[in-house]
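Asks: Before I ask anything, let me first share the structure, which is written out below as structure tokens.
The values are calculated or read from the model by the stated rules, or taken from the named source; none is laboratory data. It should be emphasised that the depicted structure is a prediction, and the values quoted were computed from it without experimental measurement. Positions of Cβ are generated from backbone atoms using ideal geometry, with glycine treated the same way; all protein chains shown enter the neighbour counts. Surface accessibility is based on the protein's heavy atoms, side chains included, excluding ligands, DNA and RNA. Shrake-Rupley method; radii C 1.70, N 1.55, O 1.52, S 1.80 Å.
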Amino acid sequence: MNFRSFAAALAATVAMPFAAAHATDLEVTHWWTSGGEAAAVAELAKAFDATGNKWVDGAIAGSGGTARPIMISRITGGDPMGATQFNHGRQAEELVEAGLMKDLTAVAEKEKWKEIVKPASLLDSCTIDGKIYCAPVNIHSWQWLWLSNAAFESAGVAVPKNWDEFVAAAPALEAKGIIPLAVGGQPWQSAGAFDVLMVAIAGKDTFYKVFKDKDEEVAAGADIAKVFKAADDARRMSKGTNVQDWNQATNLVITGKAGGQIMGDWAQGEFALAGQVAGKDYTCLPGLGVNEIISTGGDAFYFPVVDDEAKSAAQDVLAATLLAPATQVAFNLKKGSLPVRGDVDLAAANDCMKKGLDILAKGNVIEGTDQLLSADSQKQKEDLFSEFFANPSMTVEDAQKRFVDIIASAE
């Protein structure tokens with residue numbers, strides 16, 4: 001059976017078991033608004049609509065940093081949506097503790113999520129006091145360097161194979177008027193780039209000592225000083241990017257105006273939408289070509305408690321549909337992410353996705369900082385690196401001292 005036939009057959013089996021006795025509209029909020037993201041969301045909506053219910057799209061532009069406060073305000077203010085996206089981890093922790101999120105344990109047990117969701121840490125991030133409160137939909141890894149093959153060809157240098165070669169190629173790119181490294185102005189982008197540099201340069205053990213164990217001595221040490229030196233290189237190489245949104249930065253790579261971008265695997269959706277082919281038009285380096293480890297963060301859907309019985313039933317249908325095999329295949333191929341279940345056919349995956357699948361299969365994974373730090377600690381980290389990248393006068397020594405203070409008080 002070819003891939004298209006496989007997906008179609010699965011789609012036929014998905015709609016029937018989850019068909020709703022009393023179909024209804026369900027508003028779903030999320031921050032997936034780029035071209036590639038919108039194409040992926042359409043697959044989720046199509047799968048849910050096939051159950052007889054209707055996906056009412058509640059996209060909020062401006063990425064998670066803009067969307068999450070709006071989502072939280074609506075839920076706490078008594079105007080809940082039917083379902084809402086958050087990242088895997090602790091972003092909805094206080095909402096769950098306040099009794100504002102629906103317990104999905106019965107759905108999870110019926111659909112055997114504990115057996116199919118891999119790695120188990122994804123479902124662990126949805127679990128509080130033994131109850132499951134969210135439906136993970138993908139595995140998104142931050143640890144990628146995306147490179148424009150055309151940009152390096154124009155500069156007369158070989159496409160780099162690792163971070164050091166990329167830094168060394170920067171002057172040649174600049175001589176051609178090409179920005180070496182595209183970094184958008186949103187705080188989460190610069191903070192995420194630092195986290196990626198930490199894993200690549202300092203390694204997994206150091207990453208966990210800092211973000212999991214909250215070890216301030218390690219954060220103040222020589223290994224992290226090397227990471228800050230690399231972040232300083234990244235800051236210098238990104239000068240002149242002058243865009244805000246991550247997908248605008250990705251577009252600079254797609255158009256050859258920038259040599260590369262440190263960004264999660266969701267960037268693949270933009271390359272695909274532009275008709276670019278992995279290995280031909282662009283190159284992907286997991287772990288920056290230094291340390292092939294990927295994080296297993298990503299996206300999950302939570303379901304606010306609602307009074308309407310029909311909507312509550314539709315929430316269960318949507319939760320099950322999100323993890324159905326056909327939905328997982330269609331959505332993740334468009335999103336550029338990896339599925340949360342390992343029993344689906346991804347024969348149509350491109351070269352970069354296959355690299356990610358291989359790393360995942362080897363178990364070379366870490367948890368994302370959203371899973372290890374509270375939302376408040378994450379915000380402090382984002383504020384620091386936003387200022388660091390925007391202000392060349394901030395020294396690496398001063399930045400590291402502020403970082404140590406954040407880790408010392410992190411939750």
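Asks: May I ask you to verify whether residue 381 is outside any strand (DSSP E or B), open to solvent by less than 10 Å² (accessible area, probe 1.4 Å) and over 19 Å from residue 31 (Cβ atoms)?
Replies: When the stated conditions are applied, residue 381 passes them.
Asks: Would you point out the residue of segment 338-362, among those that are in contact (Cβ under 8 Å) with a residue 12 or more places away in the chain and small (Gly, Ala, Ser), that is surrounded by the most Cβ atoms within 10 Å (Cβ to Cβ)?
Replies: Quick first cut of segment 338-362, residues in contact (Cβ under 8 Å) with a residue 12 or more places away in the chain only: 338-353, 355-357, 359-360.
Pick out the ones that are also small (Gly, Ala, Ser) and you get 342, 347-349, 356.
On the way: 342: 14, 347: 9, 348: 13, 349: 21, 356: 24.
So the residue we want is 356.
Asks: When you go through (1) at pLDDT 95 or above; (2) assigned to a loop (DSSP other than H, G, I, E, B); (3) at negative phi; (4) not polar (S, T, N, Q) one by one for residue 256, which number turns out not to apply?
Replies: Of the numbered conditions (1) at pLDDT 95 or above; (2) assigned to a loop (DSSP other than H, G, I, E, B); (3) at negative phi; (4) not polar (S, T, N, Q), the odd one out for residue 256 is (3).
Asks: From the residues in segment 134-193 that are polar (S, T, N, Q), touching an Asp or Glu at 6+ places or on another chain (Cβ under 9 Å) and assigned to a loop (DSSP other than H, G, I, E, B), which one is farthest from residue 92 (Cα to Cα)?
Replies: For segment 134-193, the residue satisfying everything is 143.
Asks: Condition first: under 19 Å from the mean Cα position of the chain (by Cα) and part of a helix (DSSP H, G or I). Now tell me which residues in segment 71-128 satisfy that.
Replies: Selection gives 71, 93, 120, 121, 122, 123, 124.
Asks: So, one more: Tell me, please, whether a residue that is buried (at least 18 other Cβ atoms within 10 Å of the Cβ), hydrophobic (A, V, I, L, M, F, W, C), assigned to a helix (DSSP H, G or I) and at pLDDT 95 or above can be found in segment 301-315. Show your work before the answer.
Replies: Taking segment 301-315 as the starting set, the residues that turn out to be buried (at least 18 other Cβ atoms within 10 Å of the Cβ) are 301-304, 311, 314-315.
Still in the running and hydrophobic (A, V, I, L, M, F, W, C): 301, 303, 314.
Those left that are additionally assigned to a helix (DSSP H, G or I): 314.
Add one more test, that the residue is at pLDDT 95 or above, and what stays is 314.
Yes, that holds for at least one residue.
Asks: Quick check on residue 41: is it modelled with pLDDT of 95 or more and at negative phi?
Replies: It is true that residue 41 is modelled with pLDDT of 95 or more and at negative phi.
Asks: Same structure, new question: For residue 371, are the conditions met, namely being in a helix (DSSP H, G or I), modelled with pLDDT under 90 and of a type outside the set (Lys, Arg)?
Replies: The answer is yes for residue 371.
Asks: Residue 393 is checked against (1) closer than 30 Å to residue 333 by Cβ; (2) in a loop (DSSP other than H, G, I, E, B) and fails just one. What number does that condition carry?
Replies: (1)
Asks: Of the conditions (1) over 19 Å from residue 372 (Cβ atoms); (2) at pLDDT 95 or above; (3) surrounded by 23 or more Cβ atoms within 10 Å (Cβ to Cβ), residue 193 clears all except one; give me its number.
Replies: If we test residue 193 against (1) over 19 Å from residue 372 (Cβ atoms); (2) at pLDDT 95 or above; (3) surrounded by 23 or more Cβ atoms within 10 Å (Cβ to Cβ), just (1) comes out false.
Asks: Which members of segment 23-62 meet the condition of being outside any strand (DSSP E or B), open to solvent by less than 20 Å² (accessible area, probe 1.4 Å) and not hydrophobic (A, V, I, L, M, F, W, C)?
Replies: Scanning segment 23-62 gives 34, 36, 37, 51, 53.
Asks: Identify, from the list 269, 279, the residue that is open to solvent by less than 10 Å² (accessible area, probe 1.4 Å), out of contact with any Pro (no Cβ under 8 Å at 6 or more places or on another chain) and either polar (S, T, N, Q) or closer than 24 Å to residue 333 by Cα (or both).
Replies: On the way: 279 fails: open to solvent by less than 10 Å² (accessible area, probe 1.4 Å).
Answer to the check: 269.
Asks: Identify, please: which residue in segment 109-128 is free of Cβ contacts under 8 Å to residues at least 60 places away in the same chain and either buried (at least 21 other Cβ atoms within 10 Å of the Cβ) or out of contact with any helix residue (DSSP H, G or I) (no Cβ under 7 Å at 6 or more places or on another chain) (or both) and is, among those, farthest from residue 316 (Cα to Cα)?
Replies: Only one residue fits best here, namely 120.
Asks: Tally up the residues in segment 161-190 that are β-branched (Val, Ile, Thr), out of contact with any Ser or Thr (no Cβ under 9 Å at 6 or more places or on another chain) and buried (at least 24 other Cβ atoms within 10 Å of the Cβ), please.
Replies: Of the residues in that region, 0 qualify.
Asks: Let me ask something else. Please go through (1) under 18 Å from the mean Cα position of the chain (by Cα); (2) without any contact (Cβ under 8 Å) to a residue 24 or more places away in the chain for residue 213 and return the number of the only condition it doesn't satisfy.
Replies: The failed condition is (1).
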